[in-house]
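Student: Handing you a structure now.
The values are calculated or read from the model by the stated rules, or taken from the named source; none is laboratory data. No experiment lies behind these values; they were computed from the predicted model shown. Cβ sites come from the backbone with ideal geometry, for glycine too, and all protein chains shown count toward neighbours.
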Amino acid sequence: MKLRGTLTTAIVMAAAVVAAGCGNSPTEPGESGTQYQLTDTARESRSGVDLILRYDQPNEMFTGTLANTTGAPVADVRVEIHLSNGTELGPTPRIVIGPGETNPVELDARGQSFTSFSVHIEIGPGS
């Protein structure tokens with residue numbers, strides 16, 4: 001009986017962490033759950049689309065690129081950033097990236113105070 005109570009407590013606590021957006025648990029499709037520091041370069045991949053993103057502190061902007069590494073167009077691609085303060089930046093407008101094509105990504109973070117961020121690529125009309 002004691003094991004059951006401990007297990008139930010652990011499950012409730014884990015659910016609370018996920019619900020609060022804490023920890024490294026992904027909460028949306030395509031999220032790796034990786035928390036990047038402000039000086040890190042984020043590198044994420046999903047379905048043949050590679051994202052490289054950095055935070056430009058002096059300009060308070062996230063800048064980077066999306067690259068299609070496949071041999072076919074990838075439709076409805078966009079990027080979202082989750083700041084440690086709970087703010088979500090984006091998503092960027094949906095784009096179609098041609099085979100081998102690279103497109104710029106830019107998201108404004110002016111006025112935000114945060115210490116880390118996570119980022120993810122969304123693909124398809126449902127994401």
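Student: Quick check on the stretch 29-55: of everything there that is outside any strand (DSSP E or B) and more than 17 Å from residue 92 (Cβ to Cβ), which residue is modelled with the lowest pLDDT? It would help to see each step written out before you state the result.
Tutor: Initial filter on the stretch 29-55 (outside any strand (DSSP E or B)): 29-35, 38-40, 47-48.
Imposing the further condition that a residue be more than 17 Å from residue 92 (Cβ to Cβ) reduces the set to 32-35, 38-40, 48.
Details: 32: 71, 33: 81, 34: 95, 35: 97, 38: 98, 39: 98, 40: 98, 48: 97.
Filtering the stretch 29-55 for residues that are outside any strand (DSSP E or B) and more than 17 Å from residue 92 (Cβ to Cβ), the one modelled with the lowest pLDDT comes out as 32.
Student: Just to be sure, is residue 80 touching a Pro at 6+ places or on another chain (Cβ under 9 Å) and crowded, with 18+ Cβ neighbours inside 10 Å?
Tutor: Values: touching a Pro at 6+ places or on another chain (Cβ under 9 Å): yes; crowded, with 18+ Cβ neighbours inside 10 Å: yes.
Yes; evaluated as a whole, the condition is true for this residue.
Student: Among the residues of the stretch 98-110, is there at least one that is touching a Leu at 6+ places or on another chain (Cβ under 7 Å) and within 18 Å of residue 124 (Cβ to Cβ)?
Tutor: yes
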